1. In this structure, is residue 173 outside any loop (DSSP other than H, G, I, E, B), modelled with pLDDT of 90 or more and under 28 Å from residue 209 (Cβ atoms)?
2. Name, by its number, the condition in (1) more than 28 Å from residue 211 (Cβ to Cβ); (2) in contact (Cβ under 8 Å) with a residue 60 or more places away in the chain; (3) among the aliphatic types (A, V, I, L, M) that does not hold for residue 123.
3. Hey, can you tell me all the residues within region 73-130 that are within 18 Å of residue 172 (Cβ to Cβ) and of a type in the set (Asp, Glu)?
4. Among what's in region 154-170 and is in a strand (DSSP E or B) and of a type in the set (Gly, Ala, Ser), pick the residue that is farthest from residue 144 (Cα to Cα).
5. What single numbered condition from (1) out of contact with any Asp or Glu (no Cβ under 6 Å at 6 or more places or on another chain); (2) in contact (Cβ under 8 Å) with a residue 12 or more places away in the chain fails to hold for residue 104?
6. Among the residues of region 93-144, write down those that are of a type in the set (A, V, I, L, M) and either assigned to a strand (DSSP E or B) or touching a helix residue (DSSP H, G or I) at 6+ places or on another chain (Cβ under 9 Å) (or both).
7. How many residues does region 50-83 contain that are within 19 Å of residue 31 (Cα to Cα), of a type in the set (Ser, Thr, Tyr) and modelled with pLDDT under 90?
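The values are calculated or read from the model by the stated rules, or taken from the named source; none is laboratory data. Keep in mind that what you see is a predicted model, and the values were worked out from it rather than measured. Heads up, the Cβs are rebuilt from the backbone with ideal geometry, glycines too, and the neighbour counts pull from every protein chain shown.
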Amino acid sequence: MRGTALIAVLAAVLVPVALAGDPQKKLTKADQARARSVSVRLSDFGAGWKQGPPSKKDESNPRCSTYNPDQSDLIETGTYDSPDFSRPDGTSVSSSSGVFRTAAMAKAGYARVVVPQLPKCFAELFKKGITKPNSATIFFAGPLAFPAYGDRSNAYRIRASVKTPAATVPATIDVVVFNRGRIDVAIIFVAISRPLPAAFEHSLVARVAARAR
């Protein structure tokens, strides 16, 4: 029950990384399908996971006091935000994928978005997005050791506690981003009480990266 309440709180504040910086949108049918094809899907998960409704995430740009990337000179030709895939305890996984007109544009966009300030911006947005009577405390926001995928990749972890009228529980948000060719992908893991096993996260990211070839 507490997980169900928390996932509703968390879902509103997890902004897709791949969409940061507002690139120009000149979407094509082929690249829209490509963006969708690499995203996480129900078959990536085992028993106990369920697919939620189509994503209604706000695709507005993440903007923070020390983080304001500009991709306005780049062209994105495909974009897709997956549904949330969740367990009964509120733990969830989702992804965001973007396809750029050229590999050079995808590389440039990645370099502008994936900078040291990124995890702190996620933490700032996370804390601001949790509204009264709920509240959040951030304990850590920084790099996470993770295998390399694609042409370049990074991983970050945010450790927090979320206080609701019913309970105060730990929350761990792991964000894994990678670029391969024209595609940039972000995968967001939200774990309630304890982090998801590293082997599970590694396996899921490897599946997505394999589809981005």
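1. When the stated conditions are applied, residue 173 passes them.
2. Result: residue 123 passes all but (2).
3. 84, 89, 124
4. 161
5. (2)
6. 93, 99, 113, 114, 118, 130, 136, 138, 141, 144
7. Of the residues in region 50-83, 1 are within 19 Å of residue 31 (Cα to Cα), of a type in the set (Ser, Thr, Tyr) and modelled with pLDDT under 90.
Results for (1) in contact with a Pro (Cβ under 9 Å, 6 or more places away or on another chain); (2) buried (at least 21 other Cβ atoms within 10 Å of the Cβ), shown as yes or no for each residue.
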{"site": "86", "(1), (2)": "no, yes"}
{"site": "90", "(1), (2)": "no, yes"}
{"site": "101", "(1), (2)": "no, no"}
{"site": "108", "(1), (2)": "no, no"}
{"site": "116", "(1), (2)": "yes, no"}
{"site": "122", "(1), (2)": "yes, yes"}
{"site": "126", "(1), (2)": "no, yes"}
{"site": "129", "(1), (2)": "no, no"}
{"site": "135", "(1), (2)": "no, no"}
